[in-house]
């Protein structure tokens, strides 16, 4: 069973605002517009994401679980990240659950104010066991 939290009306409004600013070239704490090909249509699909940089590697985390962008990225294996007119193509590698705790903790430390409610009470100070227990519900991709 895969975890998915449907966006609320406020989520849609917030995402639209972040996307608009990012398209203008204003990245809010690492925001990017993710472009990934639809797994059935082949058309470009877009959504704002937070790119996390940790120890020289970059990651995309799906705090709401197995969303459409996650499914499309799994199928495509690559995509583009946009900020204003800057476009970066990338290849994505999904991480195993054992690799996720440090990344999820760093993600919560940076964006917990924004996405903390999706983590069901977990925060950046949670124990290793607590983070490991929820890791399967949070897809994480290393991008290069």
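Each reported figure results from applying straightforward, stated rules to the coordinates on display, with no laboratory input. What you see is a predicted model; the values in this text were computed from it and never measured. Positions of Cβ are generated from backbone atoms using ideal geometry, with glycine treated the same way; all protein chains shown enter the neighbour counts.
Of all residues in region 117-129 being surrounded by 15 or more Cβ atoms within 10 Å (Cβ to Cβ) and out of contact with any helix residue (DSSP H, G or I) (no Cβ under 7 Å at 6 or more places or on another chain), which is farthest from residue 66 (Cα to Cα)?
Here the residue is 126.
Looking for whichever is within 22 Å of residue 26 (Cα to Cα) and in contact (Cβ under 8 Å) with a residue 24 or more places away in the chain here; the options are 79, 65. Which one fits?
Of the residues listed, the single one that is within 22 Å of residue 26 (Cα to Cα) and in contact (Cβ under 8 Å) with a residue 24 or more places away in the chain is 79.
How about region 55-71: which of its residues are in a strand (DSSP E or B) and surrounded by 15 or more Cβ atoms within 10 Å (Cβ to Cβ)?
Result: 58, 59, 60, 61, 65.
Could you identify the single residue in 48, 101 that is closer than 21 Å to residue 23 by Cα and free of Cβ contacts under 8 Å to residues at least 40 places away in the same chain?
From the options 48, 101, the qualifying one is 48.
Do we have residue 40 as in a strand (DSSP E or B) and loosely packed, with under 14 Cβ neighbours inside 10 Å here?
Judged against the criteria, residue 40 is not a match.
Hey, among the residues in region 130-142 that are buried (at least 18 other Cβ atoms within 10 Å of the Cβ) and touching a residue at least 60 places away in the same chain (Cβ under 8 Å), which one's farthest from residue 59 (Cα to Cα)?
137
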